[in-house]
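The next block holds one structure in the form of structure tokens; read it before the comments.
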Protein chains: 4
Amino acid sequence: MNNQQIQQYLTTNQNRARLLVSCPDQPGIVSAISTLLRDHGANIVESSQYTTHPVEGTFFLRIVFEANDMKAKENEIRDAITSVGEEFSMQWRLNFLHELKKTAIFASKDTTCLRELLYEWESGDLVTDISLVISNHETGRELVESFGIPFYYIPANKDIRKEVEAKQLELMEEYDIDLIVLARYMQILTPKFVATYPSSIINIHHSFLPAFVGASPHKRAYDRGVKLIGATSHYVTDDLDEGPIIEQDVIRVDHRNNVSDLKKKGRLIERSVLARGVKWHLEDRVIVHENKTIVF
Amino acid sequence: MNNQQIQQYLTTNQNRARLLVSCPDQPGIVSAISTLLRDHGANIVESSQYTTHPVEGTFFLRIVFEANDMKAKENEIRDAITSVGEEFSMQWRLNFLHELKKTAIFASKDTTCLRELLYEWESGDLVTDISLVISNHETGRELVESFGIPFYYIPANKDIRKEVEAKQLELMEEYDIDLIVLARYMQILTPKFVATYPSSIINIHHSFLPAFVGASPHKRAYDRGVKLIGATSHYVTDDLDEGPIIEQDVIRVDHRNNVSDLKKKGRLIERSVLARGVKWHLEDRVIVHENKTIVF
Amino acid sequence: MNNQQIQQYLTTNQNRARLLVSCPDQPGIVSAISTLLRDHGANIVESSQYTTHPVEGTFFLRIVFEANDMKAKENEIRDAITSVGEEFSMQWRLNFLHELKKTAIFASKDTTCLRELLYEWESGDLVTDISLVISNHETGRELVESFGIPFYYIPANKDIRKEVEAKQLELMEEYDIDLIVLARYMQILTPKFVATYPSSIINIHHSFLPAFVGASPHKRAYDRGVKLIGATSHYVTDDLDEGPIIEQDVIRVDHRNNVSDLKKKGRLIERSVLARGVKWHLEDRVIVHENKTIVF
Amino acid sequence: MNNQQIQQYLTTNQNRARLLVSCPDQPGIVSAISTLLRDHGANIVESSQYTTHPVEGTFFLRIVFEANDMKAKENEIRDAITSVGEEFSMQWRLNFLHELKKTAIFASKDTTCLRELLYEWESGDLVTDISLVISNHETGRELVESFGIPFYYIPANKDIRKEVEAKQLELMEEYDIDLIVLARYMQILTPKFVATYPSSIINIHHSFLPAFVGASPHKRAYDRGVKLIGATSHYVTDDLDEGPIIEQDVIRVDHRNNVSDLKKKGRLIERSVLARGVKWHLEDRVIVHENKTIVF
């Protein structure tokens, strides 16, 4: 998003906010929230709700609402939700759309996914401030800097993981990052790093998980003779490739395709599966619950 | 659905209802409805809302809710919604799940779609009372009667359309039909017939509309050399193949496929596109608005 | 296929044959075969060839050819191919289309796949003689017998596997079976049984292999929170769910779908993935090579 | 493709060629060609053949073959094919892979498709010499020149069509162009221009043809309320959007998507549908026959 796009977006959306809720189900939750919003002059623009099991299950809600002069009302609305939230034991997130989320992208040598994110962002599809790109290769520098985005080259391998992560975390703090996207970063993060950003690190794995967890999924897909290969975007947890899945897709392959062909075809879906996962996260559509995702 | 399935379904869902609403948008609608439901002891199980444009647009809502002893509360809930509905100039539909919708299927010689509907119904996926099947061919009789469903053979062609429809309408009334499914019926209905069942007649057209409106779509698809063929389920209006689209899908074809191959491949998607359209209608997921559908 | 369809098929195809070849690659193979065919007055109607690596790789070929008065030439063509086959160290299969393959279907309680096969067969899409159906449940009897196909009820469980298979093998021999289709049969076959029908037993597994090998794939897919579920048709080998994959497909699911929903959605692709696998086998499109398939 | 990629490609493929044939069907064609190739020491690596109807139909063939020291044999092989070609009244094309096809891209303001082509080319998926890009907007200059490709800005509108095309044709000649790709060029070409490059101009249309021929397909798709939107790559003929279709694909949309959303989603498939069409053309997979394509 160039400055003009951002200004236009902020103008259009300055009076808009999104609320994500999860709590034990009971009657009256929707009534309490929607009445609260009405009482503060807000209009619900879009909402989706889902309950795992009526009454004894878990209740999930996403609401987009608008109000004239939203900025003046932010604190009172937040306070009101806090109060209702306590009553119903809610976990909730409230995002005012004029506050752009700040995103860091971690990349490596293969820049396909990085490029896709940058272009989706440039065309206005990913509404965020891409604050910086960190890579353990110099490959993407020219591309990233052509968008006016800072590029940090931090060589990485497992022997210097600690030092590398220290530098990365420093940058995350300096730029006040909300979301980290691993765009084929190919390095494993330590539990300490992961714990700092719970449900806020999105990875792309180049297989249809849980098939081919770990290294060389295309080679193993080739060896097994599958007829479709996949890609999975998921939140990073301490268990490699075991985090909550946000999105998956597949593409058809056949006996004529060697491992290198699978890699090429795979890239076509990796980039879009990652972009969709990131987009949905930025639009506050995703709630993590028991290592799975609700995607509204 | 056999009697056992129906009993089980009714037991599970006797306290459940669905409300579909459309009205001019304004603040307070969700609050009014959800508070009303809470006040009658109802719990919202699932809800989706969409607004074409905030405030000045049109508001659409689908709510699924539960209440203990729903049957005893039906009238009071209906009255309360009537009252709120007037306040907000709503069009609304309220369905209590213990009241099964009654469906008539119109079929012809090609029984693929008819068969799919019967099997989806048998496996419990189409929750409805399939009250009768009318066909202008005897082909499907054995199949239909094996499910214990009455089969009416009414020969039809355009010269005797009036008499045919008179008989059909009589049966529709006798069986108190809510939904008519044209499962490759291949006869055009008169405006009079269509007007009797607005947004309640679902047809399957064997092309990706608006491509190949009218007769012989597979032949024309073959002549044009398309690489995908489609199917479309839509509500019937007076304009042939121009009614609101509910669902569409496509399947890949190539130069080796002749017209007969396209027909065979087409059947694979026609049956599922029709079954999905019917299923969504029966689940009260579809609202028609300005010749388009909102599918929640 | 009813008798009329079979007669029509045989009339149309009585002069047609298919040849499948695999051998070490070297120059001159296509020339030798095509010249042989020309010399016997045959015309090549369709052919596909694939070589893993030029010269040192493996050569695969599928040829469909026609000749006037084919029946009179069968022996001489077979002899000629035998001779060329020896020259090039070929493995080859030659099928004259007037000789219908004989198929046995093994089924169990869930008849979705069985039904699909019967309907694809009835509509002329599966060109074979479905000689019998064996099931360890009585559920499908009425359906199967309505097509005039013998139905054998053989109760089965792992304790009596040996006796069960003895009966089954006896029937396979009695009916001179070429292909066995496990249409959700749910019983494991012994190595002895499998060895009797190499690359001639097709199974459907209700997951996207190699994900969720073994029991309860839908339950495990639900627990993992995948966004797509799959189905795989493959040849049976001694390693459970590890045989050569013929075809796979997936269908989208989301957080609202419980295990029972996954089963319902899964059936929609299982039936078509199995039907495609069987169809391709019957059309002599599949060659097994190193636990993978070439599908022409 | 950078120089290193080109060198590697040429080294790997210097002994490889592709032959495309169409002619009236008759026995002996495959034998004649394959024997000819064997006699010149060539090995067939891949081949596909298709006949519209046996004997009286049209025969189509694609063969990829290799020979040691191919360059020295080019003329003799070409002569031999010419001779066989006359015997069988063939139309044929023979391409030696060391001769890279020369491609011109025509672009306009929306650079999505242009960018995709450049990246597919950079990653080695489009094997061609992209000799120049012509655009009626300056938008893509920086992007194109960053790949070291000449960029020509030629303003265009229908009033100056003649002069514009004169300049374009001059450049086509200067660069000796084999293939022209219209990457959302949005200008209509004159019959004269089209006649100069028969079956050698590929266009991307942003709809599922033949639905929404002409201008503003996304607006019209929105108005019709379709549930899928499409994209079509096709050869340009004098009839707007009526040329032979090479490839098509669709993407799902729903009631929440406005025209601008359709445009964004549409771009995701336009770029890949165009890239696949171009790739298949460059790999000599496409034969045009009676306004349709055979894609091997």
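Please identify the longest segment of chain C free of exposed GluC sites (Glu not before Pro), where exposed means a DSSP state other than H, G, I, E or B and no more than 15 other Cβ atoms within 10 Å.
Of all site-free stretches, the longest is C:139-241.
With +1 on each Lys and Arg Cβ and -1 on each Asp and Glu Cβ, how big is the dipole of chain B about its Cα centre, in debye rounded to the nearest 20?
Roughly 1240 debye for chain B.
Check segment A:177-296 and count each lysine pair with an alpha-carbon distance under 25 angstrom, considering only pairs eight or more places apart or from different chains.
Lysine pair count for segment A:177-296: 12.
Give me, ordered by chain and number, the residues 5 or more places off B:Asp249 or on other chains with an amide H under 5 Å from its own placed amide H.
B:Ala231
I need the phi-derived Karplus couplings for segment B:4-16: 6.51 cos²θ - 1.76 cosθ + 1.60, θ = phi - 60°, integer Hz, Gly and Pro marked x.
3J(HN,Hα) across segment B:4-16, in whole Hz: 5, 4, 4, 4, 5, 4, 5, 4, 5, 10, 5, 9, 10.
Please report how far the C-alpha centroid of segment D:263-278 lies from that of segment D:138-177, rounded to the nearest whole angstrom.
22 Å
Hey, what did segment C:1-91 get for relative contact order, percent, Cα under 8 Å, at least 6 apart?
Relative contact order comes out at 38 percent.
How much length is gained if the chain between A:Glu290 and A:Thr139 is pulled fully straight, taking 0.36 nm per residue apart and subtracting their Cα-Cα distance, in nm to one decimal?
Working it through step by step, the gained length comes to 50.6 nm.
For D:Ser207, list long-range residues whose amide hydrogen, built 1.01 Å from N in the peptide plane, is under 5 Å from its own amide hydrogen.
D:Thr232
Average the reciprocal distances over every distinct pair of alpha-carbons in segment C:142-226, invert the result, and give the Kirkwood radius in Å.
15.1 Å
Over chain B, what is the relative contact order in whole percent, taking alpha-carbon pairs under 8 Å and six or more residues apart?
15 percent
Is the shape of segment B:178-281 rounded, prolate or oblate, going by the alpha carbon gyration tensor and its root eigenvalues a ≥ b ≥ c, with a/c under 1.5 for rounded and a/b larger than b/c for prolate?
It is prolate, given that a/c is not under 1.5 and a/b is the larger ratio.
Cross-link candidates for C:Lys73: which lysines have Cα within less than 25 Å, leaving aside residues fewer than 8 places away along the same chain?
C:Lys101, C:Lys102
Of all the Cα-Cα pairs you can form in the protein assembly as shown, what percent are over 54 Å apart?
Value for the protein assembly as shown: 23 percent of Cα pairs lie more than 54 Å apart.
GNM on chain B, C-alpha springs below 10 Å: top fluctuator among B:Asp241, B:Asp284, B:Asp261?
Of the options given, B:Asp261 has the highest mean-square fluctuation.
Using θ = phi - 60° and the Karplus form 6.51 cos²θ - 1.76 cosθ + 1.60, what ³J(HN,Hα) does each residue of segment C:30-38 get, whole Hz, x for Gly and Pro?
Karplus-based 3J(HN,Hα) across segment C:30-38 equals 4, 4, 4, 5, 5, 5, 3, 5, 4 Hz.
With angles folded into 0 to 90 degrees, how steeply does helix A:259-282 sit against the dominant principal axis of chain A? Use alpha carbons for both and round to 10.
With both axes taken from Cα atoms, the answer is about 20 degrees.
In a shell of Cβ-Cβ distance under 12 Å around B:Ala67, excluding B:Ala67 itself, what net charge do Lys and Arg (+1) and Asp and Glu (-1) give?
-1
Taking the Cα centre as origin and putting +1 on Lys and Arg beta-carbons and -1 on Asp and Glu beta-carbons, what dipole magnitude results for the protein assembly as shown, to the nearest 20 debye?
0 debye
Grab the other residues whose beta carbon is less than 10 angstrom from that of A:Gly214, score K and R as +1, D and E as -1, and report the net.
0
With a ≥ b ≥ c the root eigenvalues of the C-alpha gyration tensor of segment B:102-295, is it rounded (a/c under 1.5), prolate (a/b larger than b/c) or oblate?
Since a/c stays below 1.5, the shape of segment B:102-295 is classed as rounded.
List the residues whose amide H sits under 5 Å from the amide H of C:Asn136, counting only those 5 or more places along or on another chain, with H placed 1.01 Å from N in the peptide plane.
Hits under the 5 Å cutoff: C:Ala107, C:Ile154.
Looking at the protein assembly as shown, what % of its DSSP beta bridges pair antiparallel, to the nearest 5?
Counting DSSP beta bridges with both partners in the protein assembly as shown, the antiparallel share is about 70 percent.
Can you tell me the 0 to 90 degree angle between the C-alpha axis of helix C:112-122 and the longest principal axis of chain C, rounded to 10?
40 degrees
State whether segment C:3-96 is rounded, prolate or oblate according to the following rule on the C-alpha gyration tensor (a ≥ b ≥ c being the square roots of its eigenvalues): a/c under 1.5 gives rounded; otherwise a/b larger than b/c gives prolate, and the remaining case gives oblate.
Since a/c reaches 1.5 and a/b is larger than b/c, the shape of segment C:3-96 is classed as prolate.
Running a GNM on chain D with Cα contacts under 10 Å, which residue among D:Gly28, D:Gly148, D:Gly214 ends up with the highest mean-square fluctuation?
The residue with the greatest mean-square fluctuation here is D:Gly28.
Roughly what % antiparallel, to the nearest 5, for the DSSP beta bridges in segment D:28-132?
Close to 75 percent.
Put +1 on the Cβ of every Lys and Arg and -1 on every Asp and Glu Cβ in segment B:3-96; which of B:Phe59, B:Val30, B:Asn43 then has its Cα farthest towards the positive end of the dipole?
So the residue we want is B:Asn43.
Tell me, rounded to the nearest percent, the portion of alpha carbon pairs in segment A:235-292 spaced more than 18 Å apart.
Percentage above 18 Å: 47.
In whole Hz, with x marking every Gly and Pro, tabulate ³J(HN,Hα) for segment D:192-206 from phi via Karplus 6.51 cos²θ - 1.76 cosθ + 1.60, θ = phi - 60°.
4, 4, 4, 5, 6, 10, x, 6, 9, 10, 10, 10, 10, 10, 8
Just give the residues from segment A:282-296 buried by at least 20 square angstrom of accessible area in the all-chains context relative to the isolated chain, probe 1.4 Å, and say none if nothing qualifies.
Those residues are A:Lys292, A:Thr293, A:Val295.
May I ask for the net charge around B:Asp79, where only other residues with Cβ less than 12 Å from the Cβ of B:Asp79 are counted and Lys, Arg are +1 while Asp, Glu are -1?
-1
Going 7 Å from the Cα of A:Ser89 in the Cα-to-Cβ direction, what parts of segment A:1-43 have a backbone nitrogen less than 12 Å from that spot?
Within reach of a label on A:Ser89: A:23-26.
The values are calculated or read from the model by the stated rules, or taken from the named source; none is laboratory data. Keep in mind that this is a model prediction, so the values were computed, not measured. Glycine gets a Cβ as well: all are built from the backbone with ideal geometry, and neighbour counts include every protein chain shown. We work out accessible area using only protein heavy atoms, side chains counted, and drop any ligands, DNA or RNA first. Shrake-Rupley method; radii C 1.70, N 1.55, O 1.52, S 1.80 Å.
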